[in-house]
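Taking it in order: structure first as structure tokens, then the write-up.
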Amino acid sequence: MSDIQTDIQAGMRELHRIHTEIQRVRTDLDRGPRQVRAKTRLVENKQAEIEQMRQKLLQTRKSADEKGLQLKSSEAKLHGLQVKLNQATSNREFDAVKGQMDADKMANSVFEDEILEALDKVDSLKANIEAAEKEKATLEADAKKFADQVSAVEGDRKAELARLEASLAVAEKIIPAGLISDYKRLVQVQGASALAPIENKACTSCMNVVTTQQGIDLRAGRFTFCRSCGRMLYQVD
Ligand SMILES: [Zn+2]
């Protein structure tokens, strides 16, 4: 194998390695903020849930208060009826007042049940809100911790990316001037998979076997693209 072939093989391997590393670092850089956003959304959703329960709590309290007032006024009315009953001068009047009082007592007992039910609901809502507040605090702490971790490594990752991009510029010098635009286009679309090594005379990306001419070209240190998947091929020994 000639020196040129060895140089090209090593150069292409290095170029592919750098592309792969760049892709890995970029993926990490994208993933961090995305995960932070997802965790922030969990906090926001929990907050919305709490707001909803608070609204419900207000409504339930208001309804319990209203029923309490109705009960009070009904009890005052009953008290008045009791006086009337005591002063009844005929059986007919007595029965009429008594009937009214029984109906009012029945209505009041329904009110009382409803008020108790509403108060129970107030208690359970309060407990649920308290639990949700705790969950929210945990989610918030988790999101913050994660965001801190992400921003702590972000600087390192960006520096690593800058270093890799500088090495890429050097490694790309191996691509002949006539092929550079094809190469750039491929890389833009496919990233690190723009390049594929040949193994057992086949493109490792699509397993298509290279032609005899391509085999000759590769051995002569010339560049060739896979006829099936279009990737830039290189020989590894
Ligand atoms: Zn291929």
**OP:** Would you calculate, for the chain, the mean residue ellipticity at 222 nm contributed by helices, counting each DSSP H stretch of 4 or more residues as -39,500 (n - 2.57) and dividing by all residues, to the nearest 500?
**Re:** -29000 deg cm²/dmol
Subject >> With Cα atoms, 0 to 90° folded angle of helix 91-171 axis to the chain main axis >> reply: 20 degrees
**OP:** Kindly write out, for the stretch 44-50 in residue order, the coupling ³J(HN,Hα) from the Karplus curve 6.51 cos²θ - 1.76 cosθ + 1.60 (θ = phi - 60°), rounded to whole Hz, with x marking Gly and Pro.
**Re:** 4, 4, 5, 4, 4, 4, 5
Original post:
Among rounded, prolate and oblate, which fits the chain when a ≥ b ≥ c are the square roots of the eigenvalues of its C-alpha gyration tensor, a/c under 1.5 means rounded, and a/b larger than b/c means prolate?
Top reply: prolate
**OP:** Among Asn108, Gln188, Gly155, flag the residue with its Cα farthest along the positive direction of the charge dipole of the chain, charges on Cβ as +1 for Lys/Arg and -1 for Asp/Glu.
**Re:** Gln188
Original post:
Looking at the square roots a ≥ b ≥ c of the eigenvalues of the Cα gyration tensor of the stretch 175-237, which shape do they give, rounded for a/c under 1.5, prolate if a/b is larger than b/c, or oblate?
Top reply: oblate
**OP:** Compute the long axis of helix 180-190 from its Cα atoms, compare it with the longest principal axis of the Cα atoms of the chain, and write down the angle in degrees, 0 to 90, nearest 10.
**Re:** 30 degrees
Original post:
Which pairs break 26 Å Cα to Cα here: Lys56/Lys144; Lys46/Lys121; Lys77/Lys121; Lys67/Lys105?
Top reply: Lys56/Lys144; Lys77/Lys121
Original post:
Where the centre of each part is set by its Cα atoms, how far does the stretch 158-207 sit from the stretch 1-26, in angstrom?
Top reply: 8 Å
Original post:
Can you run phi through the Karplus equation (6.51, -1.76, 1.60; θ = phi - 60°) for the stretch 223-237 and list ³J(HN,Hα) in whole Hz, with x for Gly and Pro?
Top reply: 8, 8, 10, 4, 6, 9, 9, x, 6, 7, 9, 8, 8, 10, 10
Original post:
In the stretch 1-144, with Lys and Arg counted as +1 and Asp and Glu as -1 at Cβ, which of these residues, Leu78, Met53, Leu15, has the Cα nearest the positive end of the dipole, that is, farthest along it?
Top reply: Leu15
**OP:** Can you pull a Stokes-Einstein diffusion coefficient for the stretch 26-130 at 20 °C (1.002 mPa s), Rh from Kirkwood over Cα pairs, as a whole number of µm²/s?
**Re:** 120 µm²/s
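Read the figures in this text as sums done on the coordinates, not as results from a lab. Everything quoted here is computed from the prediction, not taken from an experiment. Please note: Cβ atoms are built from the backbone with ideal geometry, for glycine as well, and neighbour counts cover all protein chains shown.
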